1. Could you tell me whether any residue of segment A:249-259 is part of a loop (DSSP other than H, G, I, E, B), more than 30 Å from A:CYS187 (Cα to Cα) and within 12 Å of chain D (Cβ to nearest Cβ)?
2. Out of segment A:276-292, which residues are buried (at least 18 other Cβ atoms within 10 Å of the Cβ) and acidic (Asp, Glu)?
3. Go through (1) over 19 Å from the mean Cα position of the chain (by Cα); (2) more than 11 Å from every other protein chain (Cβ to nearest Cβ); (3) touching a residue at least 24 places away in the same chain (Cβ under 8 Å); (4) part of a helix (DSSP H, G or I) for B:GLU268 and report which single condition fails.
4. What are the pairs, 6+ residues apart or on separate chains, where a residue within segment A:169-190 that is on the phi > 0 side of the Ramachandran plot has its Cβ under 9 Å from a residue that is crowded, with 23+ Cβ neighbours inside 10 Å and hydroxyl-bearing (Ser, Thr, Tyr)?
5. Given B:ALA283, B:ALA242, which one is closer than 27 Å to C:MET300 by Cα and of a type in the set (A, V, I, L, M)?
6. Could you grab me the full set of residues in segment B:220-231 that are outside any helix (DSSP H, G or I) and in contact with a Ser or Thr (Cβ under 9 Å, 6 or more places away or on another chain)?
7. Of B:ARG94, B:ARG122, which residue is within 11 Å of chain A (Cβ to nearest Cβ), over 19 Å from the mean Cα position of the chain (by Cα) and surrounded by 17 or more Cβ atoms within 10 Å (Cβ to Cβ)?
8. Within segment D:263-270, is there a residue that is at pLDDT 95 or above, more than 16 Å from D:SER30 (Cβ to Cβ) and touching a helix residue (DSSP H, G or I) at 6+ places or on another chain (Cβ under 9 Å)?
4 protein chains.
Amino acid sequence: MPDKIGPNSRGVYIISVTPFTDDGDVDWPSVDSLVEFYLGKGVSGVTILGMMGEAQKLSDTESAEFAKYFIERVGGRVPVVVGVSHAGTDNLVRLSKTAMEAGAAGVMVAPAAGLRTDVQVRDYFAALFKRLGPDIPVCFQDYPLGTGVNISVPAFLQMVDEHPSLVMFKHEDWPGLRKLQQVRRGCDGTARRRISILCGNGGLYLPQELHRGADGAMTGFAYPEMLVQVCEKFFAGRADEAEDMFDSYLPLVRHEQQIGVGLAIRKEILRRRGAIASAAVRAPGPRLDRDDIAELDRLMERLERRLAAAAKRSPGIAA
Amino acid sequence: MPDKIGPNSRGVYIISVTPFTDDGDVDWPSVDSLVEFYLGKGVSGVTILGMMGEAQKLSDTESAEFAKYFIERVGGRVPVVVGVSHAGTDNLVRLSKTAMEAGAAGVMVAPAAGLRTDVQVRDYFAALFKRLGPDIPVCFQDYPLGTGVNISVPAFLQMVDEHPSLVMFKHEDWPGLRKLQQVRRGCDGTARRRISILCGNGGLYLPQELHRGADGAMTGFAYPEMLVQVCEKFFAGRADEAEDMFDSYLPLVRHEQQIGVGLAIRKEILRRRGAIASAAVRAPGPRLDRDDIAELDRLMERLERRLAAAAKRSPGIAA
Amino acid sequence: MPDKIGPNSRGVYIISVTPFTDDGDVDWPSVDSLVEFYLGKGVSGVTILGMMGEAQKLSDTESAEFAKYFIERVGGRVPVVVGVSHAGTDNLVRLSKTAMEAGAAGVMVAPAAGLRTDVQVRDYFAALFKRLGPDIPVCFQDYPLGTGVNISVPAFLQMVDEHPSLVMFKHEDWPGLRKLQQVRRGCDGTARRRISILCGNGGLYLPQELHRGADGAMTGFAYPEMLVQVCEKFFAGRADEAEDMFDSYLPLVRHEQQIGVGLAIRKEILRRRGAIASAAVRAPGPRLDRDDIAELDRLMERLERRLAAAAKRSPGIAA
Amino acid sequence: MPDKIGPNSRGVYIISVTPFTDDGDVDWPSVDSLVEFYLGKGVSGVTILGMMGEAQKLSDTESAEFAKYFIERVGGRVPVVVGVSHAGTDNLVRLSKTAMEAGAAGVMVAPAAGLRTDVQVRDYFAALFKRLGPDIPVCFQDYPLGTGVNISVPAFLQMVDEHPSLVMFKHEDWPGLRKLQQVRRGCDGTARRRISILCGNGGLYLPQELHRGADGAMTGFAYPEMLVQVCEKFFAGRADEAEDMFDSYLPLVRHEQQIGVGLAIRKEILRRRGAIASAAVRAPGPRLDRDDIAELDRLMERLERRLAAAAKRSPGIAA
């Protein structure tokens, strides 16, 4: 069993999609292949049941089953974080406990929709940490564009002071580069205990985020090997090389970063790459039409050409 | 078994709270007493698992159990409508079928959060009606303040034309008196087939809404007898008398109409009136503090005094 | 010249409408009559160019002219507060200075749209207070439903500590009774220097707000005499009598409290009462149709009947 | 004098910044240099007083002066479109007329904040077109992320049918590629009269948008020559070459596309390139700190290196 997530977690925690059959059922065999796909690309961890994992469209029973099955298939090779956000605290706590018992490395929680001030967010999490107890490591997901909830840096730092099991900050405020850096400086092990900071938002600003102190990425992208290598190169001191690689994929990073339809695009690429059997998104959800498909064809071809050219110039840059 | 809801449904469909114990479990004995309380006040129907029923904080299993239990306790004395809104269509359809099999009179659906235009709302419901089939009567809940989703009158009327099982409009746009009247005129049995229109928003504008063509109320208020009598008097041609009664309760109607804390107030009144054993709201949820309680004491005393005075002036006006 | 607003300001600061001709020009003669109308009803102050004063639809030149003219007509009989909120700080500061030079008693500022956290709101106001200097008394307008901006109580109290010219809190968060009380306790002259708290939201919860420590109302309502007498009675220790009077008008208070169309209703009542010549709202703005007018007729007739009956029961309760 | 904008307008209409001195005054000499900068890069037109032109922070007088001065400096070399959106219709109409008299080629209007349905948007524009008359060509700005207002494609097409002076669609819904294409197909000169479609959103998806039928871009980017050449190459049938060039700049396009701080970045690049004297953004507005500057240094260096390398590989690809 791998360690739980903690202040020194780093690298790429890929946000996993949830594979469905064309009929909308969970596609268990595709979970198997998807796990091997992600692990084969060298990710440091996996996060399941995030927003891009369509968690809100699963039933509670499905969520619990999916978490257990996924964790079992990973089999301790890397840590698995489970998204547990829910409108009701009881359900959130229940899924957290189920996941941890099944071997999860921690849980990810976004503040509940409707919280409007720093004080409300802190009160919400104070109640939550009390219910979760001291043994479940928590990743705070800061995603105002998705949740409508904002928290200021000082309020977040207060939460770090108050709750020892808050060990990770999933940064995806946008724009948020300055916020990320302020959290980093506030939690650098000197000003205050260290926490891990991983970045979301599809990785759209990953090189900038690494320069500003991120420990890696916790996001989905259909080419996880890029995220992995960018982080590895960066932490090996080869920042420019890392960013060259990143820029090669940027057109597709940006293409996936279209809220809504982006998930359908991501799943279609994963399908083409053999990671899952169907690109189906559960209803209500977007479907790619002929124009979307032609557009994606062009973008993928362009990527392949670019990677081939780069490989020719400096062998090794392509995965 | 009572009829399903239909174009001629009228009167008061009380939005039921979901009773919890102080520990946050569903309080089944209180369901029994609550059912008798509501029916004893003369309601024409009951709607369960609405937003004020904390539906979003129940697990899927709890929702199904609650619906079945509640419907069984009502035992066909009045129709029961079940709120089935869910981020995932499958879950929505599953709960709808469970509820109908258990004897529900219809389901209530609000457009899913994130829909942004008339076309998107119509597409969403077109897919939904296809999945639900022709035999499940649907009440459309128009509650932009809660859902963030708006629909224009012409778009709603198009939906009425396209989906015969759309039989009821729960009006709670705010402000929305003109919209209500436009829907009424558009669905009056002549311009187009009739649909039933019941009003929400805690009943804050009920007399105005009745004048504009509403068939009654589908809302929660801790004194359902007021809603019932206001509707009865109005439909008996005694509009002014109905409004006099309404105005007597208006200070409390307005007091309950505070989003968030209003639900805690409503449950506390229901507890005092013996309808449920505990006023607990599931976490995360508001709790009344000493000041809130003192304030409520004053308002309830004032109501009692006012009702007593009215009874003295014209015996019969108080319930 | 009356004193500037300060920590002990109390009573009713009526939010003035801006009178227009049917063609949409500022109707200067109606400003004259409106000033006399408000003052004749016994208000303690007037606030102009608020959101219900259609400030955002005036040109900058018109705003400055309107402020100067209005202040001149009031002629020092009561303090005049000027709403100066603007997307650009320069414009805000310019209008503030113009207004103060013309004899305003202070300015009212709401946080600019788009501010998302306590820290951002505090930073915004820190910059503002620096620009305004120490001599312009400021009323902070807390109106999240209108601005989309929220501030927590501790953050507001910090602002009180940091900015001596912040002397008044216009409470109109909703629901917000608990927040009002927390601000009151935090600024009671002991825990911290006193500030004045006046309530908005059309006065919908005025009796409750007075019980919780408000110093009065800063809101619009077409029957200002009610607001005035409710405050007077309450501060004279006759809280129940005050609330009886309030409840008589509550159906109309509620009717005006319909965002958007409510302003057209308020202007129509003011027109009927002779305060202004035209009920016109500047485009884009709501217009009452035949149904709205008939509805208003009924509500006003009912109010007159109720006041007459009350006057008969206890002479003196009606204005 | 150049033609007014019309159904066949195409190419790049650069969204101009508004130059300020460090003290926040309009920097008139920088307007001169900025005009020459933009025109020197080959733009087909210029749009002033858009959201990225800080229009909402100018006084009405400043807006009118700025429009007149800017149009005079351009001196008919390219068309100038003026953003006229305002909360009040009178102000909007007044600025429109002032601008057209000064020689503007058309006006750009976004639906007013607060409009909630297709019908409301259409009613708003119907009233507007009536006031503007038939001779002022209008560009509809579809920017829901900024305005909070959404319109569906059928509703927009209805507006095209009803208002002949609606000649241009500024597409910046996000994600919105499919919407753009639907508008294109609906207004292709066959299904319905043609309108021009130019794309905003900082150009983040420009190659995709051109493939889907856009006529060019109406957006700001500190390297207008890239936008110009991408459009030229694309319309010359060299789509892949166009996209290669685009991709070279994509890291900076994405960097500028950070709402809020992005404007400060854009102005800083324009300052470095000699287009304006100061990068100042009017208060309240973002300021770059040391970290932001260092980050921008890196990104600009990387761009230069990439352009140099591309120039070496295929001379001519760099501007």
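1. Yes; the residues of segment A:249-259 include at least one that is part of a loop (DSSP other than H, G, I, E, B), more than 30 Å from A:CYS187 (Cα to Cα) and within 12 Å of chain D (Cβ to nearest Cβ).
2. The one that is buried (at least 18 other Cβ atoms within 10 Å of the Cβ) and acidic (Asp, Glu): A:ASP292.
3. (1)
4. none
5. Going through B:ALA283, B:ALA242 in turn, the sole match is B:ALA242.
6. B:GLY220
7. After ruling out the rest, the residue left standing is B:ARG94.
8. Yes, segment D:263-270 contains at least one residue that is at pLDDT 95 or above, more than 16 Å from D:SER30 (Cβ to Cβ) and touching a helix residue (DSSP H, G or I) at 6+ places or on another chain (Cβ under 9 Å).
The values are calculated or read from the model by the stated rules, or taken from the named source; none is laboratory data. Remember, it's a predicted structure, so these values are computed and weren't measured experimentally. Heads up, the Cβs are rebuilt from the backbone with ideal geometry, glycines too, and the neighbour counts pull from every protein chain shown.
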